[in-house]
Amino acid sequence: MSDKLPYKVADIGLAAWGRKSLDIAENEMPSLMRMWERYSASKPLKGARIPGCLHRTVETAVQWSSCNIFSTQDHVLLPLPKLPALAFQCCWHAWKGETDEEYLWCIEQTMYFKDGPLNMILEDRGNLTNLIHTEYLQLLPGIRGISEETTTRVHNLYRMMANGILKVPAIDVNDSITKSKFDNLCDGIKQATDVMFAGKVAVVAGYGEVGKSCAQALRGFRACIIITEIDPIKAQQAATEGYEVTTMDEACQEGDIFVTTTGCVDIILGQHFEQMKDDAIVCNTGHFDVEMDNTVEKVNIKLQVDWYHLKNGHRMIPLAEGRLVNLCCAMGHHSLVMSNSFTNQVMAQIKLWTRPDKYPVGVHFLPKKLDEAVVEAHLRKLNMKLTKLTEKQAHSLGMSCYCPFKPDHYHY
């Protein structure tokens, strides 16, 4: 791999703009920058060769590959020096609008470093993990661990473990409270279409963490919300929030805006498209492009915004071909929000790299104490002040004055 390109991006001339964007992002990511300060001397990841397969946005401007062909922010892929605080080598290959073949090529470019193959994996979508487990099995013995931060691929890790396929320890970053409760607000529709939401009907498919955040954001724009859901508990949660709950078969006739959030297949089908209002907007934020049946004629309007011409003469407006709308049509999640996830990723990588004896093959979690420490850094950034338990109060509650403040089974 010595003849490998050091990097491949859309336009290296965008670097000056990207550097300014990174300066702003750093100030908005207090917990992540605290990790930088904390480990700048000890360099706990020294020797680690970590290919990261993440969305290449302003918060992730390190030299790896993208996990989505449309999500890369080209201006932040600038030539970075070797990162001093964590001391790992870097190589990066990504650009917005990759083909599927180019996407796979980019991932493969990150697997070999100057001094050897990868020995860790940092993931958001699991494609690198799957590639290693299916086509590069010879590399598995040298890999100490995987950290994964998206729901559907964490589920996949559990399936791999149950079927005896998973050969590397993994940490589930997705289910850290600081990740799951804060990073799912949806504003990509607004940036892509610039339409007014107030008074319109927005249909949100699924009422998990992503669906709840999307519904909350759309309600903030004064839209009327309809939820579709298979889980009766989630459905009741939606109903008690004041949302209408019905099926897609009925909601498809009412909605002006549709957002799928489930990560499952066949949520909106051709039969639903045919019953939608003219110029209904349809998008996905459930992670994959499998939730919508994209089998109709389309005409491009602008980047990642199309018209689909239906047989009944109506048009619909799908965004980003059904891929993640926030990352493909906007700038992704805000830096202050993503600081949570990426701090968890760094902590997971450090734990897997420095304490391999503690993590056998399987799927593991970060301790709640670390979750609370991440949030505490953010509260200071927002000038929020925490009340402190007294010794008497702590004794009354049967707990310590210090974190963690909730047991592992607690549902926030």
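The values are calculated or read from the model by the stated rules, or taken from the named source; none is laboratory data. Because the structure is predicted, anything quoted here is derived from the model rather than measured. Positions of Cβ are backbone-derived with ideal geometry, glycine not excepted, and every protein chain shown enters the neighbour counts.
Assorted remarks:
- The set of residues from the stretch 198-211 being buried (at least 22 other Cβ atoms within 10 Å of the Cβ) and either among the aliphatic types (A, V, I, L, M) or within 20 Å of H334 (Cβ to Cβ) (or both) comprises A202, V203, V204, A205, V210, G211.
- Residue in the stretch 156-171 that is touching a residue at least 12 places away in the same chain (Cβ under 8 Å), out of contact with any His (no Cβ under 7 Å at 6 or more places or on another chain), surrounded by fewer than 20 Cβ atoms within 10 Å (Cβ to Cβ) and among the small types (G, A, S) present: no
- Counting only helices (runs of 4 or more DSSP H) that sit completely within the stretch 312-412, those holding 2 or more residues that are over 24 Å from the mean Cα position of the chain (by Cα) correspond to 391-397.
- Tally, over the stretch 222-236, of residues that are crowded, with 17+ Cβ neighbours inside 10 Å and assigned to a loop (DSSP other than H, G, I, E, B): 2
- Assessment of the stretch 239-250 against the conditions (within 24 Å of the chain's Cα centre (by Cα) and closer than 22 Å to L324 by Cβ) yields no matching residue.
- Qualifying position, being surrounded by 21 or more Cβ atoms within 10 Å (Cβ to Cβ) and modelled with pLDDT of 80 or more, among N326, N344, N383: N344
- Test: residue in the stretch 306-316 that is at pLDDT below 85 and farther than 24 Å from E254 by Cα: no
- Restricted to the stretch 347-380, and to residues there that are in contact with a helix residue (DSSP H, G or I) (Cβ under 7 Å, 6 or more places away or on another chain) and among the β-branched types (V, I, T), the residue that is surrounded by the most Cβ atoms within 10 Å (Cβ to Cβ) is V374.
- For Q138, the conditions (1) at pLDDT 85 or above; (2) within 25 Å of M347 (Cβ to Cβ) are fulfilled apart from (2).
- Test: residue in the stretch 127-143 that is over 23 Å from G47 (Cβ atoms) and surrounded by 23 or more Cβ atoms within 10 Å (Cβ to Cβ): no
- Residue list for the stretch 160-183, filter: of a type in the set (D, E, K, R) and part of a helix (DSSP H, G or I): K179
- Matching option when the condition is outside the structural domain of Q109 (by the TED database) and modelled with pLDDT of 95 or more, among I225, I165: I225
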